[in-house]
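Only the coordinates and a few stated rules stand behind these numbers; no lab work does. Treat the numbers as computed from the prediction; the structure is a model and nothing was measured. Note: ideal-geometry Cβ built from the backbone for every residue, glycine included; neighbour counts use all protein chains shown.
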């Protein structure tokens, strides 16, 4: 009897383990299914479409449909090096995990430009909503803006080594624009990327506060 019970217990444990493994594999599979690969054609010296909007986690595949010409996809504004050249019938692919607007151009043909707009998917939006910034984190971010950012943009944010970031000076920029600059910096300027220190949620909160004037002392 004891031996039979032990066997049944082992079978039950094994079944539970298999079910857990299958469930994990299914979730991973669903994640891959939801992410899409969107094609951009490179033909007649143009990226088509030039403006494209995708969900966070999706990929872009640029396909060279020229007869003889080679191209590259260069996200120069992010401070990256030029990508490899790809020739007719070849392609390059990139996954976009960050929300924002990402302009790019062809290295050897700078007149060829395009923009990838990445929007937050529903799952990420729900996750962000459930993980609101704590009061402690908001206090830390406020300190960073007034001390670290203030050392360049001025302690009153009216400008210094860097430009003024008062609400009236950044009114033409969306919160998403500011978030991208905070995370990725501005190549060729003293503005560094903060992605290694701040999360997308941190940067979005700072951008919203800057737009509203919440950091301005009366």
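Let a ≥ b ≥ c be the square roots of the eigenvalues of the Cα gyration tensor of region 132-212; is it rounded (a/c under 1.5), or, if not, prolate (a/b larger than b/c) or oblate?
rounded
Given 4 °C and 1.567 mPa s, how large is the Stokes-Einstein diffusion coefficient of region 59-218 in µm²/s, with Rh as the Kirkwood radius over Cα pairs?
Once the numbers are plugged in, D ends up at 73 µm²/s.
Contact order normalised by length for region 132-212, with contacts defined as Cα pairs under 8 Å and 6 or more residues apart; what percent is it? Provide the component values of the computation, followed by the final result.
On the way: 80 pairs, mean separation 19.9, N = 81.
So the answer I get is 25 percent.
So how do 55-65, 200-210, 163-173 stack up, highest first, on mean other-Cβ count within 10 Å?
Numbers: 55-65: 18.3, 200-210: 20.7, 163-173: 14.5.
Put in order of decreasing packing, that is 200-210, 55-65, 163-173.
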